Amino acid sequence: MTHAAARPGRRLGVDVGGTDTKWVVLDGDTVAGAGTVPTPPGPGETMTLVASLADPSVEGIGMALPGHVDRESGTALFVPNPPGDWDGYPAGPRLSALTGRPVAVVNDARAFAQAELLLGAARGLPDALFAVLGTGVGGAVALRGAVLVGPRDNLGEVGHVTVDPSGPPCCCGNRGCAETFAGGPGIVRAYGSGPAAAVAAAARAGDERAAGVLARAGWALGVALGDAAALFGVGTAVVGGGVSGALDLMRPALERELGRRRPLIGDVAVLPAVLGPRAGAIGAALCGGMSG
């Protein structure tokens, strides 16, 4: 099976975040327009915003949300970070009614993976793992050229692999998930101040404690990706997101953990994502242009 083909034509992709909402317009596979706006105070206002971005040339719309969604109905199931009450909100039907366009509602990590698989670091690879380091750690997996989804659009969540059962509590109800060590808030909490970019800067300036925090983050990510590689038999991992600017500082511990598991999982190549902060919006647009 090869990569799924994107439908030709202009598609709007929107990546709704807790603070900012990024959008792109794709013409074929080329970015024809892009922007960032503050996320509105609730889902209804967000639908109005997205509808205003859909000019008459747009044929389809994709919306990426940071949480669990029902792709078939276009409903947000558990989306805690953006302002307002999204849980149970019929985002797809509401936006389609406003615009008269077909709308795909997807998880933001799966959107990121779709973009990097079709147009980015994993282009040409049938199988890959994906990790998105930000406020949390999102994840996805692609096999035979397709990003796997699952019934709640949550398949491949490497950020919620348990790496330390006695570790910090996670928003998912577990303790010691990978994201409690490798997500931005976890890095800041472990160091004692932030943001995560400042911790990385301190490590580069010779702060051994900052370097240790990022090494611990790399170890946690290595455990999570190693477990995923064992489950899915995949030999490539693409790492992106806002915190991935510190990937070079995490990489030694990450690769050491993967190497420790080499007898089972073989060599796993860790690739930096290449599409930048709009990867989620690009992936949403691609999903908005998929047939079926």
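The values are calculated or read from the model by the stated rules, or taken from the named source; none is laboratory data. Given the structure is predicted, the values throughout are model-derived calculations rather than measurements. A quick note on method: Cβ atoms are made from the backbone with ideal geometry, for glycine too, and the neighbour counts reach across all protein chains shown.
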Given (1) of a type in the set (A, V, I, L, M); (2) surrounded by fewer than 16 Cβ atoms within 10 Å (Cβ to Cβ); (3) in a strand (DSSP E or B), number of the condition residue 63 does not satisfy: (2)
Members of the stretch 117-151 found to be within 17 Å of residue 233 (Cβ to Cβ) and in a loop (DSSP other than H, G, I, E, B), listed by number: 122, 125, 126, 127, 144, 145, 148
Tally of residues being surrounded by fewer than 24 Cβ atoms within 10 Å (Cβ to Cβ) and within 16 Å of the chain's Cα centre (by Cα) across the stretch 237-255: 4
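If you scan the stretch 225-254, which residues turn out to be of a type in the set (Gly, Ala, Ser) and within 25 Å of residue 119 (Cβ to Cβ)? Spell out how you get there, then give the answer.
Looking only at the stretch 225-254, we keep the residues that are of a type in the set (Gly, Ala, Ser), and these are 226, 228-230, 233, 235, 237, 240-242, 244-246, 253.
Those that are of a type in the set (Gly, Ala, Ser) and within 25 Å of residue 119 (Cβ to Cβ): 228, 229, 233, 235, 237, 240, 241, 242, 244, 245, 246.
Select from the stretch 47-60 the residues that are in contact (Cβ under 8 Å) with a residue 40 or more places away in the chain, outside any loop (DSSP other than H, G, I, E, B) and of a type outside the set (Asp, Glu) and write down the one among them that is surrounded by the fewest Cβ atoms within 10 Å (Cβ to Cβ).
The initial filter retains those residues of the stretch 47-60 that are in contact (Cβ under 8 Å) with a residue 40 or more places away in the chain, namely 47-48, 50-51, 53-54, 57-60.
Keeping just the survivors that are outside any loop (DSSP other than H, G, I, E, B) gives 47-48, 50-51, 53, 58-60.
So of that shortlist, the ones also of a type outside the set (Asp, Glu) come out as 47-48, 50-51, 53, 58, 60.
Working: 47: 23, 48: 13, 50: 23, 51: 18, 53: 19, 58: 19, 60: 23.
Here the residue is 48.
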Long-range neighbours under 9 Å by Cβ, at least six apart or interchain, first residue farther than 14 Å from residue 59 by Cα within the stretch 93-106, second surrounded by fewer than 16 Cβ atoms within 10 Å (Cβ to Cβ) and among the small types (Gly, Ala, Ser): 93/73; 94/44; 105/73
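Taking residue 106, is it under 19 Å from the mean Cα position of the chain (by Cα), in the same structural domain as residue 14 (by the TED database), over 22 Å from residue 274 (Cβ atoms) and crowded, with 24+ Cβ neighbours inside 10 Å? Outline the logic, then answer.
Values: under 19 Å from the mean Cα position of the chain (by Cα): yes; in the same structural domain as residue 14 (by the TED database): yes; over 22 Å from residue 274 (Cβ atoms): no; crowded, with 24+ Cβ neighbours inside 10 Å: yes.
So residue 106 does not fit the description; no.
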